[in-house]
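Engineer: Sending over a structure as structure tokens; questions will come in a sec.
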Amino acid sequence: MTSLSARRARGSRLADSVFRGSTRLFAAAIIVVIVAIAGLLIVSSRLTWQTFGLSFLTGTTWDPVAGVFGALPFVVGTLVTAALAMVIAAPIGVATAIFLAELAPAWLAVPLGFLVELLAGIPSVVIGLWGVFVLSPVLRSTIEDWLANTVGTVIPLFAGPTFGVGIFAAGIILAIVVPFARSGIIGALILGLGRALGETMAVTMVIGNNPQIPTRLFDQGQTISSQIATTFNEASIGLQTSSLIALGFTLLAMTIALNVIARFLVRRVAGDGGGLASAG
């Protein structure tokens, strides 16, 4: 009997060791894949970095005919639309999570939670189509016109003309696309921002795809993802393709940085909470 128990214990320890080893292996494989992707992007965009250096990130002109490529309008468009999405979505997402987790009765929380999860699973191209044919016309004739005619007369950021497509519409579309978690609010918000940075099809369909730095809320613009999606297939081999790949590496670096910040903040908040609990 004792021998049987010992064999079972050894088998359990072996299974635990195999599980821990396999999880470490898979985690290491993910890191290797990310590093490999980053390395491939750097090598493939080498011509751009050799030609423009870091001025590629600060350049404002994207002219394939003249062979001049600057990423700043796309970086700004990406950050502005994602930040606008967070401003709109953060209070709605957090309030919804609190309601579902703490306030809603069970008969309402279950179906409502399912609908929220279902919303996050809708393909972004479908949301983009809805944005083009439903959201944009409504925005132009209601909220955008009202803001331009009232607030816009005092604050240039909200001045017209209004198009229905542009930075404002893209921000609202991203606010619908971005999913939120119920726990780790700070980390969830930043991870949601990282998700918004890489969104492609829905934003491409409503942002206007104008490679300029937006100065007003209703300006048309372009994000890194939308620029790559709309021009990569037609890009000429050489500097233009290299510059588009450099944009991809820039987006990857921004996303990784946001994930690192999110992990740091989550651990920091969790550590402070643990310290307060211990002190209490």
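The values are calculated or read from the model by the stated rules, or taken from the named source; none is laboratory data. All figures in this text were calculated on a predicted structure; none of them were measured in a lab. Cβ sites come from the backbone with ideal geometry, for glycine too, and all protein chains shown count toward neighbours.
Engineer: Can you tell me which residue is nearest to the chain's Cα centre (by Cα) among those in segment 15-71 that are touching a residue at least 40 places away in the same chain (Cβ under 8 Å) and part of a loop (DSSP other than H, G, I, E, B)?
Structural biologist: Of everything passing the filter in segment 15-71, 71 is nearest to the chain's Cα centre (by Cα).
Engineer: Does residue 122 qualify as being in the same structural domain as residue 92 (by TED's automatic domain parsing), surrounded by 12 or more Cβ atoms within 10 Å (Cβ to Cβ), closer than 19 Å to residue 201 by Cα and in contact (Cβ under 8 Å) with a residue 40 or more places away in the chain?
Structural biologist: no
Engineer: Checking the condition within 27 Å of the chain's Cα centre (by Cα), in a helix (DSSP H, G or I) and exposed (fewer than 12 other Cβ atoms within 10 Å of the Cβ), which residue from 117, 144 passes?
Structural biologist: The unique qualifying residue is 117.
Engineer: Identify, by number, the condition in (1) touching a helix residue (DSSP H, G or I) at 6+ places or on another chain (Cβ under 9 Å); (2) closer than 18 Å to residue 209 by Cβ that residue 133 doesn't meet.
Structural biologist: Tallying (1) touching a helix residue (DSSP H, G or I) at 6+ places or on another chain (Cβ under 9 Å); (2) closer than 18 Å to residue 209 by Cβ, residue 133 fails exactly one: (1).
Engineer: So, in segment 62-109, how many residues would count as being among the aliphatic types (A, V, I, L, M), surrounded by 12 or more Cβ atoms within 10 Å (Cβ to Cβ) and more than 26 Å from residue 49 (Cβ to Cβ)?
Structural biologist: 16
Engineer: Is segment 62-81 home to any residue that is among the charged types (D, E, K, R) and more than 27 Å from residue 247 (Cα to Cα)?
Structural biologist: Within segment 62-81, not a single residue is among the charged types (D, E, K, R) and more than 27 Å from residue 247 (Cα to Cα).
Engineer: Then there's this: So for segment 67-78 (the condition being farther than 28 Å from residue 258 by Cβ and not aliphatic (A, V, I, L, M)), does at least one residue qualify?
Structural biologist: Within segment 67-78 (the criterion being farther than 28 Å from residue 258 by Cβ and not aliphatic (A, V, I, L, M)), the answer is yes, since at least one residue qualifies.
Engineer: Could you tell me whether any residue of segment 166-175 is surrounded by 12 or more Cβ atoms within 10 Å (Cβ to Cβ), at pLDDT below 85 and either of a type in the set (Gly, Ala, Ser) or farther than 17 Å from residue 78 by Cβ (or both)?
Structural biologist: Yes, segment 166-175 has at least one match.
Engineer: Now a separate question. Considering only residues that are of a type outside the set (Val, Ile, Thr) and surrounded by 13 or more Cβ atoms within 10 Å (Cβ to Cβ), look in segment 125-136 and name the one that is nearest to residue 166 (Cα to Cα).
Structural biologist: Across segment 125-136, the extreme among qualifying residues is 136.
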